[in-house]
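Structure first, then comments.
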Amino acid sequence: MSSHEEEEQRLLLEDGLLAESVNKGPYTGDGSVDIHGNPVLKENTGNWRACPFILGNECCERLAYYGIATNLVTYLTRKLHQGNAAAARNVTTWSGTCYLTPLIGAVLADAYWGRYWTIAVFSTIYFIGMGTLTLSASVSIFKPPSCEGSVCPEASPIEYAVFFLGLYLIALGTGGIKPCVSSFGADQFDDTDSGERVKKGSFFNWFYFSINIGALISSSFLVWVQDNWGWGLGFGIPTLFMGLAIISFFSGTSLYRFQKPGGSPITRVCQVVVASIRKWKVEVPHDSSVLYELPDKASAIEGSRKLEHTDELRCLDKAATVSDLDAKTESFSNPWRLCTVTQVEELKILVRMFPVWVTTILFSAVYAQISTMFVEQGMVLDTTVGSFTIPPASLSTFDVISVIIWVPVYDRFLVPIARRFTGQERGFSALQRMGIGLFISILAMSAAALLEIKRLSIAKAEHLEDQNVAVPLSILWQIPQYFLVGAAEVFTFIGQIEFFYDQSPDAMRSLCSAISLLTTALGNYLSAFILTVVTYVTTQGGKTGWIPDNLNEGHLDYFFWLLAGLSFLNFLVYLGCALRYKSKRAT
């Protein structure tokens with residue numbers, strides 16, 4: 001342990017914010033095992049010693065992902081010759097799919113394969129998709145045709161097919177591993193050891209830091225390679241790094257701690273619902289101690305600790321109520337009729353998290369603008385700085401730089417300061433952290449709208465409204481909006497990862513991570529939906545609309561103000577949900 005960590009734990013103990021360890025034995029107390037299924041020694045496995053391999057995997061995988069995602073809208077408009085609105089919809093639909101497929105990986109990990117083997121299988125699919133995409137941009141028979149003067153021929157069906165096959169194999173691969181990597185990393189810290197529990201909070205910060213190191217390289221170097229050296233090389237380099245990600249992950253196998261899969265979480269949820277309905281006439285006892293639960297310390301769910309009974313949603317307690325028929329027939333082994341308290345509480349936790357989950361969807365719609373509307377706005381700004389031309393998509397570098405700055409500032413400075421005021425081990429609770437991020441996102445959209453107002457005023461003054469050209473306003477003026485989005489990410493996205501891992505039942509952590517990622521999918525779909533509605537409504541009667549192909553005659557600022565207004569209303573709803581939320585209690 002470093003001197004910094006020792007000092008931090010000493011201060012926590014003095015302030016009464018850190019309890020003594022529940023588990024002081026040589027073995028982990030959270031049920032983790034080694035790859036062979038044997039109990040693991042704490043001093044030889046897990047903790048920070050296992051994390052470099054996981055963080056290295058995440059850094060390389062994110063470099064590969066953002067190597068495709070960051071500049072994808074440019075490829076679609078310039079190589080596949082799609083319009084601005086169509087390209088933006090394709091990007092957001094694909095991005096949304098990347099955050100929808102985690103449900104597949106989560107169910108497989110929690111129910112059958114475990115997180116380690118799920119990551120291994122979907123990483124292979126991911127690598128195949130990357131290779132296919134590289135072929136589509138490299139091999140002449142699959143490459144889209146180049147423009148001849150002002151004539152840009154449409155790509156052929158086979159060219160579209162190979163490109164989108166590779167793209168959606170990537171969506172399946174990255175989605176399959178997304179809910180597992182952060183949870184697998186957090187599994188390396190024993191919840192029953194107070195010292196390791198505090199380190200887990202830092203792990204989430206540095207996990208997101210690793211993501212953005214990969215994104216930084218993609219949004220700067222790789223975007224430049226794609227725009228200047230060609231898309232074959234620009235897609236080939238991310239493919240190489242995906243291979244390195246797989247190597248890094250397997251290299252740490254002997255140091256990892258593994259959680260056993262606990263069976264299908266979806267099946268358990270259905271069992272509670274069915275058992276509750278079957279007993280809808282049964283009265284729930286006032287004494288919760290008579291509800292059905294196994295007598296010993298072990299839970300009926302593999303890889304899960306027991307959960308304490310809570311008084312909310314008492315209608316679900318019918319599933320754990322021992323009826324006269326159950327007692328008479330001693331029917332205690334049919335979970336479709338009688339469930340344990342822990343199983344019922346799993347569903348209650350999901351229901352309690354739902355309002356918080358819903359209110360984070362709009363934030364993801366705001367974040368989606370980095371790879372769509374921010375890039376298209378940048379295309380009509382002056383991209384030259386001296387003799388150097390800045391690719392519009394590379395401005396997302398400043399979002400990444402913002403995250404890279406904010407993570408250590410948050411972890412090393414804000415947390416100790418906030419800890420003195422809030423009494424939280426981690427400075428801010430996950431809900432407080434997410435709320436701060438949602439507020440900052442309102443400022444980000446407002447900054448983008450103000451810049452667009454200035455850009456349009458210059459276009460009008462220079463009589464450029466009818467010309468699809470850049471206005472004489474530096475693209476560097478986009479930096480504040482990217483920087484604000486980065487700050488919002490550090491608070492909202494990392495807080496979201498913490499919240500859904502900490503509050504989820506032990507045997508549902510991959511599923512709950514997938515559910516949190518689903519907000520990003522729905523946010524991308526919401527962004528595409530808003531774009532579609534705005535385009536339809538604002539072009540009625542032959543009008544130009546807010547977002548035409550020539551943005552100089554449009555009103556992109558109205559679109560940004562719309563998102564800012566929706567974000568403000570969403571923030572108010574979130575505050576109400578967060579104030580009413582009650583945390584999980586494990587025994």
*Inside region 40-57, can you point out the residues that are hydrophobic (A, V, I, L, M, F, W, C) and either on the phi > 0 side of the Ramachandran plot or part of a helix (DSSP H, G or I) (or both)?*
TRP48, ALA50, CYS51, PHE53, ILE54, LEU55
*Among residues belonging to region 98-151 that are assigned to a helix (DSSP H, G or I) and of a type in the set (Phe, Trp, Tyr), point out the one that is farthest from SER516 (Cα to Cα).*
PHE127
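Taking the stated definitions as given, is GLU489 of a type in the set (Asp, Glu), crowded, with 21+ Cβ neighbours inside 10 Å and either under 30 Å from ALA186 (Cα atoms) or in contact (Cβ under 8 Å) with a residue 12 or more places away in the chain (or both)? Lay out the reasoning, then the answer.
Working: of a type in the set (Asp, Glu): yes; crowded, with 21+ Cβ neighbours inside 10 Å: yes; either under 30 Å from ALA186 (Cα atoms) or in contact (Cβ under 8 Å) with a residue 12 or more places away in the chain (or both): yes.
Yes; evaluated as a whole, the condition is true for this residue.
Listed here are the residues, each with its yes/no results for (1) of a type in the set (A, V, I, L, M, F, W, C); (2) touching a residue at least 60 places away in the same chain (Cβ under 8 Å); (3) not in a loop (DSSP other than H, G, I, E, B).
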residue	(1), (2), (3)
LYS348	no, no, yes
ALA368	yes, yes, yes
SER396	no, yes, yes
VAL400	yes, yes, yes
VAL407	yes, yes, yes
TYR410	no, yes, yes
PHE413	yes, no, yes
*Quick one: SER276 ticks every box in (1) surrounded by 18 or more Cβ atoms within 10 Å (Cβ to Cβ); (2) touching a His at 6+ places or on another chain (Cβ under 9 Å); (3) of a type outside the set (Lys, Arg) except a single one, so which number is it?*
(2)
*Kindly state which helices (runs of 4 or more DSSP H) lie completely within region 227-337 and contain at least 3 residues that are β-branched (Val, Ile, Thr), modelled with pLDDT of 90 or more and farther than 30 Å from ALA215 by Cα.*
265-278
*Is there a residue in region 191-211 that is part of a helix (DSSP H, G or I), farther than 30 Å from THR340 by Cα and touching a Phe, Trp or Tyr at 6+ places or on another chain (Cβ under 6 Å)?*
yes
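How about region 65-89: which of its residues are closer than 23 Å to PHE122 by Cβ and either in a loop (DSSP other than H, G, I, E, B) or more than 16 Å from the chain's Cα centre (by Cα) (or both)?
Answer for region 65-89, where residues must be closer than 23 Å to PHE122 by Cβ and either in a loop (DSSP other than H, G, I, E, B) or more than 16 Å from the chain's Cα centre (by Cα) (or both): GLY67, ILE68, THR70, LEU72.
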*Among the residues of region 415-443, write down those that are of a type outside the set (Phe, Trp, Tyr), modelled with pLDDT under 90 and assigned to a helix (DSSP H, G or I).*
VAL415, PRO416, ILE417, ALA418, ARG419, ARG420, THR422, ALA430
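Conditions (1) open to solvent by less than 10 Å² (accessible area, probe 1.4 Å); (2) touching a Leu at 6+ places or on another chain (Cβ under 8 Å), marked per residue:
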{"site": "VAL358", "(1), (2)": "no, no"}
{"site": "ALA365", "(1), (2)": "yes, yes"}
{"site": "THR384", "(1), (2)": "no, no"}
{"site": "ILE404", "(1), (2)": "no, yes"}
{"site": "VAL409", "(1), (2)": "no, no"}
{"site": "ARG420", "(1), (2)": "no, no"}
{"site": "PHE439", "(1), (2)": "no, no"}
{"site": "ALA448", "(1), (2)": "yes, no"}
_Qualifying residues in region 70-100 (those that are among the polar types (S, T, N, Q) and open to solvent by less than 20 Å² (accessible area, probe 1.4 Å)) - the one nearest to PHE398 (Cα to Cα)_ = THR70
*Filter region 128-179 down to residues that are of a type in the set (Gly, Ala, Ser) and modelled with pLDDT under 80 and give me whichever is most open to solvent (accessible area, probe 1.4 Å).*
SER150
*In region 193-216, which residue that is at pLDDT 85 or above and more than 30 Å from GLY29 (Cα to Cα) is most open to solvent (accessible area, probe 1.4 Å)?*
ILE213
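The values are calculated or read from the model by the stated rules, or taken from the named source; none is laboratory data. Computed from a predicted structure; not experimentally measured. A quick note on method: Cβ atoms are made from the backbone with ideal geometry, for glycine too, and the neighbour counts reach across all protein chains shown. The accessibility values were calculated without ligands, DNA or RNA, using every heavy atom of the protein model including side chains. Shrake-Rupley method; radii C 1.70, N 1.55, O 1.52, S 1.80 Å.
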